[in-house]
1. Name the shape class, rounded, prolate or oblate, that the alpha-carbon gyration tensor gives for the stretch 58-203, where a ≥ b ≥ c are the square roots of its eigenvalues, rounded holds for a/c under 1.5, and otherwise prolate holds if a/b is larger than b/c and oblate otherwise.
2. Starting from 0.36 nm per residue, how many nanometres of slack lie between residue 8 and residue 106 once their C-alpha separation is accounted for?
3. Are there DSSP H segments in the chain that both extend 20 Å or more along their axis (alpha-carbon positions) and score a mean Kyte-Doolittle hydropathy of at least 0.0? List them, or say none.
4. What 222 nm value per residue comes from the helices of the chain, counting each DSSP H run with n ≥ 4 as -39,500 (n - 2.57) and dividing by all residues, nearest 500 deg cm²/dmol?
5. Distance between the C-alpha centers of the stretch 170-203 and the stretch 129-157? Whole Å please.
6. Based on Cβ point charges of +1 for Lys and Arg and -1 for Asp and Glu, what charge dipole magnitude is obtained for the chain about its Cα centre, in debye rounded to the nearest 20?
7. Counting DSSP beta bridges with both partners in the chain, what percentage is antiparallel, nearest 5?
8. Ranked highest first by the average count of other Cβ atoms within 10 Å around their residues, in what order do 24-31, 90-97 fall?
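Every number here is computed from the coordinates shown, using simple stated rules; none is lab data. From a predicted model like this one, the values you see are computed outputs, not experimental measurements. Reconstructed Cβ throughout: ideal geometry from the backbone, glycine too, with neighbour counts over all protein chains shown.
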Amino acid sequence: MPMSDVSSPALDNSAALATVRADIGDCTRCPLHTLGRKQIVFGVGNPKAELMFVGEAPGADEDVQGVPFVGQAGQLLTKIIEAIGLSRDDVYIANVIKCRPPGNRNPEPIEVATCEPFLLQQIDIINPKVIVALGTFAAQALLKSTVPISKLRGQVYDFRGTVKLIPTFHPAYLLRNRNNTDLKRDVWEDMKKARAILSVPTD
Ligand code: URA
């Protein structure tokens with residue numbers, strides 16, 4: 001059989017993600033393109049990941065490197081991923097907002113509304129088993145909720161029928177409250193739930 005006839009879901013997914021990225025282009029759909037962002041931070045990782053992490057928006061480091069979660073919060077996220085026996089290459093990481101809000105301010109509703117369709121396309125293509133929503137913005141955007149993350153977390157939600165959604169605290173929030181062992185324990189409990197759904201070996 002010629003190679004072109006061999007179907008590869010990973011390649012298909014990569015190509016589909018590339019199409020979404022091309023559609024975003026050098027986006028001018030919301031005000032963020034006039035507010036100092038250097039580049040669009042699309043997403044990174046395994047295009048057929050079973051586990052996907054969704055954060056809020058790029059920070060300064062991500063804006064420079066064009067890759068989500070590469071700053072301090074990203075380093076903690078990497079440790080969290082490794083704690084359940086996976087690596088960053090196993091998972092897919094994206095944000096609700098693809099451009100850095102100035103001064104890391106909270107995203108505005110118009111920015112979320114404009115950018116979220118691209119995240120939903122990423123999710124549809126990757127079709128993960130589990131999404132871990134990192135922090136208030138990701139959890140509220142995906143669950144269409146205004147409930148605070150402290151009340152949303154602790155449960156597993158059905159998302160669009162096939163995906164389990166697990167809200168947890170944002171790694172930046174853990175870093176800002178690094179002496180709070182309760183928060184760390186809560187995130188660990190949430191990650192164990194994700195691991196159980198994925199059946200990652202525990203040793
Ligand atoms: N915080 C986020 O929510 N996303 C990033 O990519 C980095 C920090």
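1. Numbers: a/c = 1.34, a/b = 1.16, b/c = 1.15.
Because its axes are fairly even, with a/c under 1.5, the stretch 58-203 counts as rounded.
2. Values: separation 98, 0.36 × 98 = 35.28 nm, distance 3.88 nm.
Full-extension gain reported as 31.4 nm.
3. On the way: long enough: 9-24 (22 Å, 0.45); 109-126 (25 Å, 0.86); 181-198 (26 Å, -0.81).
Span-like helices here: 9-24, 109-126.
4. Values: 8 runs with 89 residues, N = 203.
Computed ellipticity for the chain at 222 nm equals -13500 deg cm²/dmol.
5. Each part reduced to its Cα centre gives a spacing of 14 Å.
6. Values: 23 positive and 22 negative charges, 116 e Å.
My answer is approximately 560 debye.
7. Numbers: 5 of 18 bridges.
Bridges in the chain are about 30 percent antiparallel.
8. Working: 24-31: 13.0, 90-97: 24.9.
Packing proxy ranking, top to bottom: 90-97, 24-31.
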